[in-house]
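Everything below concerns the one structure shown next.
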Amino acid sequence: MFNNRTEAMWLALPAALFAALVFLVPVILLLSEGFRSTEGWTIAPWIDFFSEPMNRTVFWRTLRLGLEVTVVAAIIGYATAWAIVGLPANSKGRMIGLIMLPMMISPVARTYAWIVILGRTGIINQALQTVGLSDAPLRILFTETAIFIGLLQLFLPLMVISLISALENLPKDVVPAARVLGASWFTVFWKIILPLTKEGLVVGGTLVFTGSLTAYITPAILGGSKVLMLETLLYQHVTVSNNFAAASVIALILVVMSFAANILLKRIATVKGKK
């Protein structure tokens, strides 16, 4: 298409400059706030941030919920993707459409729907009291459980779609051959399916984990001010306390955690593939 690489690079230069000006430069300036003070460069904002017990609690809560959502999404995603891949073409298209349908709805509307479901007078509490499993409404809303459910529902389609793409490229005869040779379903999954679909798992895991870390609307609505996450804490530092140094620290933590998750998943997939 192009006579040489130089010509292609010159054509891509305007887009690269635009992306650098409107994205990279503001991000770099924001992240640098966590290392600057009136006296010059310093790590004092980091020391101040992690010296607060509440900040450490919020950090570990965010990391734990991100890992939990990713693991559960992978388990449900593999089962769902395996069932969909085995369907006829027409049925497969309809099921993929149903999975993608929630992603066409605003996250705000999807999250507010959970208030109707998880509230004290919501569907779940009414059902539990109707069947006699609970005498009083359970406190589900504004808890870590509510945030977990909301994040899982929000990002599960990304994991399912990634695994469907990976499973469709799986050779059709490897699983029946392994079963004929006496391998259990667990062995088939661990030794055959997982290594051959690791790329889909890496993509889906990265999308779900980073999305769970950086999502703001769902934790803000379902967790409220009682269950803070890093992203809601960042918003408070910017809008309430006007502490841009602490906000920069949180932003850099989120960026590092996102990149670390992708590198770790790739490393695990590489090690698993060599075995």
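Here are a few things to note about the model shown:
- The conditions of being under 28 Å from GLY204 (Cβ atoms), in a helix (DSSP H, G or I), open to solvent by 60 Å² or more (accessible area, probe 1.4 Å) and touching a residue at least 40 places away in the same chain (Cβ under 8 Å) are not met by MET95.
- Residue, nearest to VAL208 (Cα to Cα), within region 159-174, restricted to residues that are of a type in the set (A, V, I, L, M) and crowded, with 18+ Cβ neighbours inside 10 Å: MET159
- Lone unmet requirement of (1) closer than 23 Å to GLN236 by Cβ; (2) surrounded by 12 or more Cβ atoms within 10 Å (Cβ to Cβ); (3) free of Cβ contacts under 8 Å to residues at least 24 places away in the same chain for SER51: (2)
- Flag for ALA73 being closer than 22 Å to ALA220 by Cβ and at pLDDT 90 or above: yes
- Among all positions in region 39-51, there is no residue which is more than 24 Å from LEU228 (Cα to Cα) and assigned to a helix (DSSP H, G or I).
- Looking across LEU13, LEU21, LEU17, LEU67, one residue alone is within 18 Å of the chain's Cα centre (by Cα) and open to solvent by 40 Å² or more (accessible area, probe 1.4 Å). It is LEU67.
- Test: LEU87 is aliphatic (A, V, I, L, M), surrounded by fewer than 16 Cβ atoms within 10 Å (Cβ to Cβ) and not in a helix (DSSP H, G or I): yes
- Any helices (runs of 4 or more DSSP H) falling wholly within region 135-189 and containing at least 1 residues that are within 16 Å of the chain's Cα centre (by Cα), under 27 Å from LEU98 (Cβ atoms) and hydrophobic (A, V, I, L, M, F, W, C): 144-168
- Taking residues in region 133-159 that are of a type in the set (Gly, Ala, Ser), and partners anywhere that are assigned to a loop (DSSP other than H, G, I, E, B) and buried (at least 17 other Cβ atoms within 10 Å of the Cβ), the pairs with Cβ atoms closer than 7 Å and at least 6 places apart or on different chains are ALA146/ILE140.
- Check on ILE263, touching a Lys or Arg at 6+ places or on another chain (Cβ under 9 Å) and either open to solvent by 30 Å² or more (accessible area, probe 1.4 Å) or of a type in the set (Phe, Trp, Tyr) (or both): no
The values are calculated or read from the model by the stated rules, or taken from the named source; none is laboratory data. Remember, it's a predicted structure, so these values are computed and weren't measured experimentally. Cβ sites come from the backbone with ideal geometry, for glycine too, and all protein chains shown count toward neighbours. These area figures cover heavy atoms from the full protein model, side chains too; ligands, DNA and RNA do not enter into them. Shrake-Rupley method; radii C 1.70, N 1.55, O 1.52, S 1.80 Å.
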